[in-house]
Each structure stands twice: as C-alpha cells, then as structure tokens.
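Structure first, then comments.
The values are calculated or read from the model by the stated rules, or taken from the named source; none is laboratory data. What you are looking at is a predicted structure, and each value in this text was computed from that prediction instead of being measured. With ideal geometry, Cβ positions are generated from the backbone for all residues, glycine too; neighbour counts draw on all protein chains shown.
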C-alpha cells in the first residue's frame, strides 16, 4: 500500500484516490489457467534458449572457419591469387523456424 500512496499523491486526476484504488477489482485467472500459462511460457523460454544456443554455436563455427581460412591463406595452404571475387548480391535471410535444431554446416566439404 505504501507504493500506491506515493503514486496517488502525484496523480493529476482528482477522482482517483486511495479509496478508488482499494475498491478496484483485480481479475486473476484460475490456478489451472495460471499453470497452463506457466507451462506455455516455460516451453517458449526453452525453445528460445535452444535457438540462442544454436545461434551461438553457429557464430563460434563461423569464427573457427574464419580463423582456419586466414591461417590457411597466410601459411600458403590455400592459394588465393587467382580467385575472382564476385559482385556483391544482397539476399534476404531465410526463416530459421525449420532449421533451428539442425547442425551448422560450414560447407567446407562442398566444391
């Protein structure tokens, strides 16, 4: 109640006072509905955590690939003198919804 008192003192609408706030009804869902909400939020949070971990894994793999490529070029294991760099072409990102649990493939085996 102490928190409400400090807000009531600074309000600009004369008809909202402590008495009005105390009479206000708060509608709460049933315990069963609250449990369903908790379960749903826990599932969504778990899905988000998995997606975050997958993205972090992809970022780590890209950093490793970058380091490996730089090392291979610097040490002469990879010859890049005759490589032609294509013009930049923007491509929109694909949706990650179907591929979140798939392992990240660097494409290093493809030629």
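Can you confirm whether region 87-98 contains a residue that is at pLDDT 85 or above and loosely packed, with under 10 Cβ neighbours inside 10 Å? Scanning region 87-98, I find at least one residue that is at pLDDT 85 or above and loosely packed, with under 10 Cβ neighbours inside 10 Å, so the answer is yes.
For every residue, the table says whether it meets (1) at pLDDT 85 or above; (2) under 30 Å from residue 93 (Cβ atoms); (3) under 35 Å from the mean Cα position of the chain (by Cα).
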position	(1), (2), (3)
5	no, no, no
11	no, no, no
15	no, no, no
19	no, no, no
25	no, no, no
28	yes, no, yes
31	yes, no, yes
45	yes, yes, yes
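The C-beta contact set for region 78-102 (first residue part of a loop (DSSP other than H, G, I, E, B), second residue at pLDDT 85 or above, distance under 6 angstrom, 6+ apart or interchain) comprises 78/72; 80/73; 100/51; 100/54.
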